[in-house]
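> So that we are looking at the same thing, I have put the structure below in structure tokens.
The values are calculated or read from the model by the stated rules, or taken from the named source; none is laboratory data. Note that this is a predicted model, so its numbers are computed, not measured. Please note: Cβ atoms are built from the backbone with ideal geometry, for glycine as well, and neighbour counts cover all protein chains shown. The accessibility values were calculated without ligands, DNA or RNA, using every heavy atom of the protein model including side chains. Shrake-Rupley method; radii C 1.70, N 1.55, O 1.52, S 1.80 Å.
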There are 2 protein chains.
Amino acid sequence: MTPEPLSRARIVRAAIDLIEREGADAVSMRRIAADLGVGAMSLYNHVPSKAALLDGVAEAILSEIEFTDDPDAHWTDRVRTQARAFRQIAHHYPRCTMVVVSRQLTSPAGLLPVERALSTLREAGFDARDAVRVLRLFIAYIVGSLLREVGVTPTFAPVGSILPRVADIDPALFPVVASLYDTLRDCDAEEEFEFGLEILVQAIQALPRRPGAAT
Amino acid sequence: MTPEPLSRARIVRAAIDLIEREGADAVSMRRIAADLGVGAMSLYNHVPSKAALLDGVAEAILSEIEFTDDPDAHWTDRVRTQARAFRQIAHHYPRCTMVVVSRQLTSPAGLLPVERALSTLREAGFDARDAVRVLRLFIAYIVGSLLREVGVTPTFAPVGSILPRVADIDPALFPVVASLYDTLRDCDAEEEFEFGLEILVQAIQALPRRPGAAT
DNA sequence: AGCGTGGCACGTACGGTGTACGTGCGTCAA
DNA sequence: TTGACGCACGTACACCGTACGTGCCACGCT
């Protein structure tokens with residue numbers, strides 16, 4: 001009946017599809033099993049628990065990041081490209097983003113991006129300590145940005161924005177927020193991400209680095 | 001029997017305590033009710049749903065942020081202070097941090113920090129657009145940092161660090177990660193947060209601002 | 001004082017969840 | 001041929017969120 005046999009990969013795939021289709025709250029072992037046309041308990045022959053399944057989801061998505069790393073490009077451009085790759089994947093799986101960032105994996109699945117980034121930074125002349133710190137700075141910024149972006153676009157229509165309705169804001173209590181309401185309201189996520197990214201890139205470019213490294 | 005009558009505030013408080021004591025997975029209406037010595041359904045006389053209760057948790061924690069804002073201080077120091085205030089509250093409720101950042105509230109509860117921050121930035125001479133962008137840059141950085149910090153300290157002992165055990169890393173596949181393992185491993189969260197914060201502050205200080213504003 | 005009324009704690013019940021466990025069928029190895 | 005093993009399946013249990021009905025008690029009005 002089922003063309004392919006059940007497998008961990010197929011289960012993870014079904015979970016991802018389900019999350020994208022109906023949101024993370026809709027995931028249940030029974031539901032995923034139903035989507036695969038099998039009984040709920042059959043999943044446990046390939047996955048030890050629901051938690052492990054969600055780890056698999058995070059792992060699979062992280063490993064889908066595309067690295068078109070051009071070794072000839074300037075290191076700052078490579079950093080930019082890698083940061084955008086992270087963001088890209090989150091936009092490809094918007095409803096999954098939350099589950100990816102919320103579970104911290106102990107598997108080496110998400111290590112390849114780290115490897116690439118650290119490699120780029122070391123080549124750029126950062127010492128070990130600064131390379132790690134800069135990497136973490138970027139990851140923090142990217143994760144934080146994505147969290148807000150997917151929050152603003154919860155389902156399809158962000159009818160209720162993250163901002164309270166304008167009527168709920170008391171200008172006496174929050175004068176600045178009230179005056180900036182329109183600016184806070186409309187946000188071009190792409191443009192804002194690039195704004196922060198550029199600031200970070202410029203800032204770390206000004207950091208002291210080992211002389212003789214790539215300019 | 002119960003000294004004080006049931007109330008939304010008392011329920012939220014119990015939820016926070018429970019999360020801090022046993023983790024977010026342990027929260028259930030029955031459990032919270034038991035901790036309060038009442039029946040499960042009694043909670044619904046004060047809280048419409050579990051989701052609303054968790055919103056209340058986020059709201060309560062956010063509103064606990066202490067703002068000892070010194071109007072005489074340089075605006076860069078005020079920015080630093082506000083950023084640290086965010087981090088402080090997350091460290092006061094480490095297990096709650098995830099639930100706070102994971103639900104985006106539509107209530108004006110978390111608006112006061114935004115008001116303060118925007119006010120500071122406007123006074124510093126940023127135009128409306130840049131003030132909002134800079135605020136979001138900082139929020140992204142702070143949220144991302146906290147997410148990693150609370151992830152590294154899941155319970156008390158981070159026996160399984162976010163890094164895979166050193167034995168699991170294949171130096172052939174991840175040479176840079178392997179060589180930087182020790183640096184990646186030990187991290188002084190406070191020091192790293194300050195590192196990124198300082199970079200951000202320096203960077204936005206170099207941004208063009210309205211002339212005549214605070215230097 | 002008598003009486004209505006509304007708030008609030010409570011218990012029961014229903015549909016759903018993760019998963020421990022036992023069962024039976026298929027397909028390979030000896 | 002037979003044994004073992006893999007794997008899909010169903011049942012069962014404890015727990016979850018919460019809709020709904022019941023009864024107590026403290027209050028406002030006449």
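> Got a number for residues in region A:26-68 being aromatic (F, W, Y) and within 8 Å of DNA strand C (Cβ to nearest atom)?
Residues in region A:26-68 being aromatic (F, W, Y) and within 8 Å of DNA strand C (Cβ to nearest atom): 1 in total.
This table checks each residue for (1) open to solvent by 20 Å² or more (accessible area, probe 1.4 Å); (2) assigned by TED's automatic domain parsing to the domain that holds A:L121.
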| residue | (1), (2) |
| --- | --- |
| A:E22 | yes, no |
| A:D25 | yes, no |
| A:G37 | yes, no |
| A:S42 | yes, no |
| A:K50 | yes, no |
| A:L54 | yes, no |
| A:T76 | no, yes |
| A:P94 | yes, yes |
| A:M98 | yes, yes |
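> All but one of (1) farther than 30 Å from B:T120 by Cβ; (2) away from DNA strand D (no atom under 11 Å from the Cβ); (3) not polar (S, T, N, Q) hold for B:I16; which doesn't?
(1)
> Next question, about the same structure. Sort out which residues of region B:101-133 are open to solvent by 60 Å² or more (accessible area, probe 1.4 Å), within 7 Å of chain A (Cβ to nearest Cβ) and part of a helix (DSSP H, G or I), and write them in order of number.
Result: B:R122, B:R129.
> To continue, here is another question. Determine the pairs where a residue that is within 14 Å of chain B (Cβ to nearest Cβ) and assigned to a loop (DSSP other than H, G, I, E, B), located within region A:3-28, has a partner that is open to solvent by less than 70 Å² (accessible area, probe 1.4 Å) and away from DNA strand C (no atom under 12 Å from the Cβ) with Cβ atoms under 9 Å apart, the partner being 6 or more residues away or on another chain.
Within 9 Å, the pairs are A:G23/A:R95; A:G23/A:P154.
> Which of (1) more than 9 Å from DNA strand D (Cβ to nearest atom); (2) open to solvent by 20 Å² or more (accessible area, probe 1.4 Å); (3) assigned to a loop (DSSP other than H, G, I, E, B) is the odd one out, the single condition B:E59 does not satisfy?
Result: B:E59 passes all but (3).
Residues are listed down the side, and each one gets a yes or a no for (1) modelled with pLDDT of 80 or more; (2) open to solvent by less than 80 Å² (accessible area, probe 1.4 Å); (3) in the same structural domain as B:H92 (by TED's automatic domain parsing):
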site	(1), (2), (3)
B:T153	no, yes, yes
B:P158	no, yes, yes
B:D170	yes, yes, yes
B:L173	yes, no, yes
B:S179	yes, no, yes
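> Which is of a type in the set (K, R), out of contact with any strand residue (DSSP E or B) (no Cβ under 7 Å at 6 or more places or on another chain) and more than 23 Å from B:L197 (Cβ to Cβ), of B:R10, B:R80?
Unique residue meeting the criteria: B:R10.
> Sort through A:S42, A:S63, A:S7 and tell me the only one that's over 20 Å from A:L147 (Cβ atoms) and under 20 Å from the mean Cα position of the chain (by Cα).
A:S63
> While we're looking at this one, here's another question. For region B:52-74, check the following and say yes or no: at least one residue is of a type in the set (S, T, Y) and either closer than 26 Å to A:R185 by Cβ or within 13 Å of another protein chain (Cβ to nearest Cβ) (or both).
Checked against the condition, which is being of a type in the set (S, T, Y) and either closer than 26 Å to A:R185 by Cβ or within 13 Å of another protein chain (Cβ to nearest Cβ) (or both), region B:52-74 yields at least one hit.
> Now for a separate question. Out of A:T68, A:T81, I need the residue that is under 29 Å from A:F126 (Cα atoms), in a helix (DSSP H, G or I) and open to solvent by 20 Å² or more (accessible area, probe 1.4 Å). Which one?
Just one listed residue meets the conditions, A:T81.
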